[in-house]
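**Q** Following this message is one structure expressed as structure tokens.
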Amino acid sequence: MSTALKLPPRMTVGEFLEWEPDDRSGALWQLRDGEPEMMAPASDRHGSIQARLAFLIIAHLDSGGSPCRVVTAPGVVPAERSEDNCLVPDLGITCAPPTGEHLMHRPLVLIEILSPTNVSRTRANMRAYRTIPGLQEIVLLHSSAIVAEVLRRGADSVWPQQPDIIDAAGALRLDSIDFVAPLRDAYRTSGLI
């Protein structure tokens, strides 16, 4: 008897959102090109960067009384191939009210933490995020160095070809929520400082 996880051959986003994997591991899944994809647990450093940045952004939003909120591991559906893809960034920021669904509606900012073992998939997600209407900024924080890449949608709704690169001496700026903080603050508990 095989204990291998049996995955459906292909799914739509609707089927994926209703699907209950029979592995019962509690693992996080995303749907890429119609195929369920199990996501590895975050490393200690990855999780520390994610939690610290979420804390900084939440404190900023709360201090200004903003209706916006940070969601950990939200499901987002890119406009391109929307029936086949439900991706899961590390953090999402939206000003839309909570719906209780498995999807984040109207994300403003999506944030990924780049792990050395998942570079190509994370970068593929970033390209797909550019197709989400209303999304204003995409942030990629490296987990092996104090570096961030930020893409901002232009006033003409066009994404730049190359991201702004921020190093350890720079500030992370999210214009869509008026957030600015030294990039090092997001890495304070990561062991990189």
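The values are calculated or read from the model by the stated rules, or taken from the named source; none is laboratory data. Since we're looking at a predicted model, the values are computed, not measured. Cβ atoms come from the backbone with ideal geometry, glycine included; neighbour counts cover every protein chain shown. Note: areas computed on protein heavy atoms with side chains; ligands, DNA, RNA excluded. Shrake-Rupley method; radii C 1.70, N 1.55, O 1.52, S 1.80 Å.
**Q** Any idea what the dipole of region 118-173 comes to, in debye rounded to 20, about its Cα centre with Lys/Arg Cβ at +1 and Asp/Glu Cβ at -1?
**A** For this selection, approximately 220 debye.
**Q** Let me ask you something else. Give me the net charge for the shell around residue 52: Cβ to Cβ below 11 angstrom, other residues only, Lys and Arg +1, Asp and Glu -1. Don't skip to the end; give the middle numbers.
**A** Working: positive: 45, 184, 188; negative: 185.
Combined, the nearby Lys, Arg, Asp and Glu give +2.
**Q** Identify the GluC sites (Glu not before Pro) of region 36-135 meeting these criteria: DSSP loop state and at most 11 other C-beta atoms within 10 Å of the C-beta.
**A** 101
**Q** Same structure, new question: Taking the 0 to 90 degree range and rounding to the nearest ten, how far is the long axis of helix 119-129 tilted relative to the main principal axis of the chain, both from C-alpha atoms?
**A** It is inclined by approximately 80 degrees.
**Q** A further question on this structure: Just the accessible area for residue 60, please: 1.4 Å probe, Å², rounded to the nearest 10?
**A** 60
**Q** As a check on your grasp of the helix formula, calculate [θ] at 222 nm for the chain: sum -39500 (n - 2.57) over DSSP H runs of n ≥ 4, divide by the residue count, round to the nearest 500. Don't jump to the answer; show the numbers that get you there.
**A** On the way: 4 runs with 41 residues, N = 193.
After summing the helix terms and dividing by residue count, I get -6500 deg cm²/dmol.
**Q** Normalised by the number of residues in the chain, what is the relative contact order in percent for Cα pairs under 8 Å and 6+ residues apart?
**A** For the chain, the relative contact order is 17 percent.
**Q** I would also like to ask the following. How much net charge surrounds residue 189 when only the other residues with a Cβ under 15 Å from the Cβ of residue 189 are counted, with Lys and Arg +1 and Asp and Glu -1?
**A** Charge balance near residue 189 sits at +2.
**Q** Between residue 172 and residues 5 or more places away or on another chain, which pairs have amide H atoms under 5 Å apart, with H built 1.01 Å from N, and which residues are they?
**A** Those qualifying (amide H under 5 Å, at least 5 residues apart or on another chain) are 181, 183.
**Q** Ordering 188, 152, 173 by how much accessible area each has at a 1.4 Å probe, largest first, what is the list?
**A** Result of the area sort, largest leading: 188, 173, 152.
**Q** Shifting gears a bit: For the chain, which whole percent of the accessible surface, found with a 1.4 angstrom probe, sits on carbon and sulfur atoms?
**A** Carbon and sulfur together cover 53 percent of it.
**Q** Using the Kirkwood radius built from alpha carbon pairs, what does the Stokes-Einstein equation give as D for the chain at 10 °C and 1.306 mPa s, in µm² per second? Present the calculation step by step, with values, prior to reporting the outcome.
**A** Details: Rh = 17.4 Å.
This corresponds to a translational diffusion coefficient of 91 µm²/s.
**Q** Another question about this same structure. Helix 44-63 versus the longest principal axis of the chain: what is the Cα-based angle in degrees, 0 to 90, to the nearest 10?
**A** With rounding to tens, the tilt is 60 degrees.
**Q** With no other cysteine's Cβ closer than 4.7 Å, which Cys residues of the chain count as lacking a disulfide-compatible partner?
**A** Cysteines of the chain left without a disulfide-compatible partner: 86.
**Q** Now, a different point. What do you reckon, how do 111, 165 stack up by accessible area (1.4 Å probe), largest on top?
**A** Order by accessible area, largest first: 165, 111.
**Q** Can you give the local net charge around residue 80? Use residues other than it whose beta-carbon is closer than 10 angstrom to its beta-carbon, Lys and Arg +1, Asp and Glu -1.
**A** Values: positive: 81, 127, 130; negative: 84.
So the environment of residue 80 carries a net charge of +2.
**Q** What residue among 88, 76, 147 has the largest mean-square fluctuation in a Gaussian network model of the chain, using Cα springs under 10 Å?
**A** The residue that fluctuates most here is 147.
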